[in-house]
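Nothing in this text is a laboratory measurement; each read-out follows from the coordinates by a stated rule. Everything numeric in this text was worked out from a predicted model, so none of it was measured. Every residue, glycine as well, gets a Cβ built from its backbone with ideal geometry; the counts of neighbours run over all protein chains shown.
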Amino acid sequence: MQTIFTTHAIMDEIATGDGIGLNEVCALMPSRKPGKRIHFSAAWRWATKGIKTTDGRIVKLETARVAGRLVTTRSALARFLAAQQSGIEQSATAPPRSAIRRRRDSERAGERLKKVGI
C-alpha cells in the first residue's frame, strides 16, 4: 500500500514540471572515475531492481513511466540516497568474529588469567 502512495507522490512531482529522465540522473550522480558519468544501466537498476542496504532492505529509485520512458525527480533521487544512509551507523560496528578468532581470543584471555592467578 505504501508503494501506491509513493507512486502518486512521484507523479505529482513530475506533473509540476520536476521530472528528469534517467540520463539526467546519470549526469547528477558522481562516478567512481573523476570526470565520468555513471552508466545508464546503473540508474536503470536502481529504478527497476533497487539496491540492498547494509540492514538488508531493498531501496528503489521512485519512478513513473511517462510516454514509455522512466522519469523520476530530484526529490525522489534525494529520498533514494537518504534511504541508503539509515544503515551506515550500524555498519560502523565491528563485524562478528569468526570461530577461529573467538577461540584464539579465549585462549589468550585464559593465559592472562593464569598469569594473574585467577
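Converting phi to 3J(HN,Hα) with the Karplus coefficients 6.51, -1.76 and 1.60 and the offset θ = phi - 60°, the stretch 49-54 yields 9, x, 10, 8, 7, 5 Hz in sequence order, with x at every glycine or proline.
Using a basic spin-label model with each label point 7 Å from the Cα along Cα→Cβ, how many nm lie between L113 and A9? So the two model labels end up 5.3 nm from each other.
In a DSSP loop and with at most 14 other Cβ atoms within 10 Å, the trypsin sites (Lys or Arg not before Pro) in the stretch 33-88 are K36, K49, R57.
Applying 1/(1 + (r/R0)^6) with r as the Cβ-Cβ distance of I51 and R104 and R0 = 41 angstrom yields a FRET efficiency of 0.70. With a cut-off of 9 Å between beta carbons, the residues surrounding I58 carry a summed charge of +4, where Lys and Arg count +1 and Asp and Glu -1. So, counting K/R as plus one and D/E as minus one, what does the shell of residues with Cβ under 13 Å around L113 add up to? Around L113, the charge tally is +1.
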